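*Asks:* A single structure is presented below for examination.
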Amino acid sequence: MKPIGNQSGGSFAASSGNFPGLVIRDKEPENLEFPFAALNSFVTENEQFFVRSHFPVPKLDTQSWRLKIEGLVERPCELSYDELLGMTTRSVLATIECAGNGRIFLSPKVEGLQWELGAVGNSEWAGVPLAAVLERAGVRAGAVEVVFEGADSGKLAKPPSPGNIHFSNSIPLAKAWSPDVLLAHTMNGEPLTPSHGFPLRVVVPGWYGMVSVKWLTRIVVTDQAFQGYFKTADYTVWERRHGLPMQLLPVTENEVKAQIARPISREVVPADADYRIYGAAWAGEADVTRVDISVDGGADWHAARLLGEAQRYTWRFWEYRWRTPAQSGRQTLMARATDSRGRAQPLQRDAHRGSYVISHVMPIEVEVSNKPPSGATDSFAI
Ligand SMILES: Nc1nc2c(c(=O)[nH]1)N[C@H]1C(S)=C(S)[C@@H](COP(=O)(O)O)O[C@H]1N2
Ligand SMILES: [Mo]
């Protein structure tokens, strides 16, 4: 396995304090990445949360904005922002990861935004459970899915979209009834920012980000699985059966995954020293039960220490105290997570996943050096 490198071509959005700012992957539409090496807070601040948008941010005001609920329901209805704010609020901590996170490390290269490790964040979302709104509208017999439509729209070239389309995606009704699926108006105690879906977005904990539809304006209950653009032309992976790529399936739940925040690729670490390798791991609807670390390219594995408490839908920080070798040289580090369903990260990339669901173990190479760090007193100087 080839170790991953640092690919950042250094352009950062506004920085503050020790935080270097989000990395700009695209300006219009706005696509911004969290510099994962800066990971130090369990809850990602709103300004540090990655942004993934397919179309320009729509300008919405809470006075004229409405949420429509229609399709296979007894009582199609419209809700205003104030009506939603007046309903019982629930809050859920949830890690959201874009299905394309880590794409830059795929070889051969694939098309799409070239995310490194930072198209992921963990926030406290608050809003109205989708289930409460579905109950109000009354779901009719025969319903199978809930489709979410955003106010943002545009034309896409690859593959061609059916003209101007709105961003939309869906979840099965079984997931939609979970009290943890939210129509969120609040992110870490603040109203959503325009980039994150103001005034209202869906948050589907445990699923890749594409179903957490921002700028939500319409919910449609359907009697068949939604086969829209972002379910069939995009956000798909091949399912392999009998050794055949049998069918193209929509991306759904998160896979289990660990990422190393520090050291970063090609970092120079001191020889014969204690070095804290740390990062985060997440597993969608399951719990991370262990993270194993290799410091020798996968020959030996050692259990990392899981920090804090397991909390459903959120990432878990972990650390491993590494006694670095006395000799200078290159070392290949790996982190591999296992979850409560017994899933472990694959060691190799499955080509059938195309440009999505990038959850295999990604080795990083560091340089162990027994030279004193620059700035330290050189005891051998005469
Ligand atoms: N309306 C709308 N919702 C959307 C998107 C979008 O482009 N338009 N992008 C989706 C994708 S692919 C991801 S990963 C998440 C990202 O949410 P964030 O920008 O708040 O991080 O939003 C999802 N919801
Ligand atoms: Mo995404």
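*Asks:* Need at least 1 residues that are under 25 Å from Arg312 (Cα atoms) and within 11 Å of ligand 1 (Cβ to nearest atom) per element, so show me which strands (runs of 3 or more DSSP E) inside segment 55-155 make the cut, counting only ones lying wholly within it.
*Replies:* It comes to 90-97, 120-129, 145-154.
*Asks:* Just the residues that are in contact with a strand residue (DSSP E or B) (Cβ under 6 Å, 6 or more places away or on another chain) and farther than 30 Å from Ile364 by Cα, please, taken from segment 87-132.
*Replies:* Met87, Thr89, Arg90, Ser91, Val92, Glu124, Trp125, Ala126, Gly127, Val128, Pro129, Leu130
*Asks:* What number of residues within segment 189-206 satisfy the criterion of being out of contact with any Ser or Thr (no Cβ under 6 Å at 6 or more places or on another chain) and within 16 Å of ligand 2 (Cβ to nearest atom)?
*Replies:* First pass over segment 189-206, keeping only residues out of contact with any Ser or Thr (no Cβ under 6 Å at 6 or more places or on another chain): 189-198, 200-201, 205-206.
Narrowing further to those that are within 16 Å of ligand 2 (Cβ to nearest atom): 195-197, 201, 205-206.
The total comes to 6.
*Asks:* Then there is this: Name the one entry in Ser374, Ser294 that is among the hydroxyl-bearing types (Ser, Thr, Tyr), modelled with pLDDT of 95 or more and farther than 15 Å from Asn254 by Cβ.
*Replies:* Checking each option against the conditions leaves just Ser294.
*Asks:* For segment 260-284, what are the residues that are of a type in the set (Ser, Thr, Tyr) and touching a Phe, Trp or Tyr at 6+ places or on another chain (Cβ under 8 Å)?
*Replies:* Tyr275, Tyr278
*Asks:* Taking segment 181-215 as the search range and keeping residues that are charged (D, E, K, R) and under 17 Å from the mean Cα position of the chain (by Cα), which one is farthest from Glu135 (Cα to Cα)?
*Replies:* Checking each candidate, the answer is Lys214.
*Asks:* Another question, then. I'm trying to understand the selection: among the residues of segment 156-192, which are in a helix (DSSP H, G or I) and either open to solvent by 40 Å² or more (accessible area, probe 1.4 Å) or not aliphatic (A, V, I, L, M) (or both)? Spell out how you get there, then give the answer.
*Replies:* Step one: of segment 156-192, the residues in a helix (DSSP H, G or I) are 173-176.
Across segment 156-192, the qualifying residues are Ala174, Lys175.
*Asks:* Look at Ala99 and say whether it is crowded, with 17+ Cβ neighbours inside 10 Å, of a type in the set (A, V, I, L, M), within 14 Å of ligand 2 (Cβ to nearest atom) and closer than 17 Å to Ala233 by Cβ.
*Replies:* Working: crowded, with 17+ Cβ neighbours inside 10 Å: yes; of a type in the set (A, V, I, L, M): yes; within 14 Å of ligand 2 (Cβ to nearest atom): yes; closer than 17 Å to Ala233 by Cβ: yes.
So Ala99 fits the description; yes.
*Asks:* Can you name every residue in segment 41-88 that is free of Cβ contacts under 8 Å to residues at least 24 places away in the same chain and closer than 17 Å to Ser123 by Cβ?
*Replies:* Residue satisfying the conditions is Ser41 alone.
*Asks:* List pairs: first residue in segment 89-104 and more than 20 Å from Arg201 (Cα to Cα) and modelled with pLDDT of 95 or more, second residue of a type in the set (Asp, Glu) and open to solvent by 10 Å² or more (accessible area, probe 1.4 Å) anywhere in the structure, Cβ distance under 8 angstrom, at least six positions apart or on different chains.
*Replies:* Going by the 8 Å Cβ cut-off, the qualifying pairs are Gly102/Glu116; Ile104/Glu116.
*Asks:* So Glu285 passes all but one of these: (1) open to solvent by 30 Å² or more (accessible area, probe 1.4 Å); (2) away from ligand 1 (no atom under 16 Å from the Cβ); (3) more than 28 Å from Val133 (Cα to Cα); (4) not polar (S, T, N, Q). Which condition number does it fail?
*Replies:* Result: Glu285 passes all but (3).
*Asks:* Give Ala141, Ala137 a once-over and let me know the one that is on the phi < 0 side of the Ramachandran plot, surrounded by fewer than 18 Cβ atoms within 10 Å (Cβ to Cβ) and hydrophobic (A, V, I, L, M, F, W, C). Break it down into steps so the answer makes sense when it comes.
*Replies:* On the way: Ala137 fails: surrounded by fewer than 18 Cβ atoms within 10 Å (Cβ to Cβ).
It is Ala141.
*Asks:* Filter segment 228-271 for residues that are β-branched (Val, Ile, Thr), under 28 Å from Ile96 (Cα atoms) and crowded, with 16+ Cβ neighbours inside 10 Å and give the result.
*Replies:* Thr236, Val237, Val251, Thr252, Val256, Ile260, Ile264
*Asks:* Checking the conditions here, which among Val73, Val57, Val110 is more than 16 Å from ligand 2 (Cβ to nearest atom) and β-branched (Val, Ile, Thr)? It would help to see each step written out before you state the result.
*Replies:* On the way: Val57 fails: more than 16 Å from ligand 2 (Cβ to nearest atom); Val110 fails: more than 16 Å from ligand 2 (Cβ to nearest atom).
Within the list Val73, Val57, Val110, the selection yields Val73.
*Asks:* Does segment 265-276 include one or more residues that are in a strand (DSSP E or B) and closer than 30 Å to Gly209 by Cβ?
*Replies:* Scanning segment 265-276 turns up at least one residue that is in a strand (DSSP E or B) and closer than 30 Å to Gly209 by Cβ.
*Asks:* If you check every pair at least six apart or on different chains, which have Cβ atoms under 9 Å apart with a residue in segment 114-125 that is without any contact (Cβ under 8 Å) to a residue 60 or more places away in the chain first and a residue that is within 15 Å of ligand 2 (Cβ to nearest atom) and of a type outside the set (D, E, K, R) second?
*Replies:* none
*Asks:* Please work out if Leu200 is within 11 Å of ligand 1 (Cβ to nearest atom) and surrounded by 24 or more Cβ atoms within 10 Å (Cβ to Cβ).
*Replies:* Here the answer is yes, as Leu200 does meet what is asked.
*Asks:* Arg349 - would you say it is surrounded by 12 or more Cβ atoms within 10 Å (Cβ to Cβ), in contact (Cβ under 8 Å) with a residue 60 or more places away in the chain and assigned to a loop (DSSP other than H, G, I, E, B)?
*Replies:* So Arg349 passes the test.
*Asks:* Here are some conditions: (1) modelled with pLDDT of 95 or more; (2) polar (S, T, N, Q); (3) more than 30 Å from Pro250 (Cβ to Cβ); (4) open to solvent by 60 Å² or more (accessible area, probe 1.4 Å). Ser340 meets all but one. Which one does it not meet?
*Replies:* (3)
*Asks:* May I pose another question? Looking at (1) within 20 Å of the chain's Cα centre (by Cα); (2) surrounded by fewer than 16 Cβ atoms within 10 Å (Cβ to Cβ); (3) of a type in the set (Asp, Glu), find the lone condition where Asp300 falls short.
*Replies:* Just one mismatch for Asp300, condition (1).
The values are calculated or read from the model by the stated rules, or taken from the named source; none is laboratory data. Only a predicted model underlies this, so the values are computations on that prediction, with no experimental measurement involved. Heads up, the Cβs are rebuilt from the backbone with ideal geometry, glycines too, and the neighbour counts pull from every protein chain shown. Ligands, DNA and RNA are stripped out before the accessible areas are found, and what is left, the full protein with its side chains, is counted by its heavy atoms. Shrake-Rupley method; radii C 1.70, N 1.55, O 1.52, S 1.80 Å.
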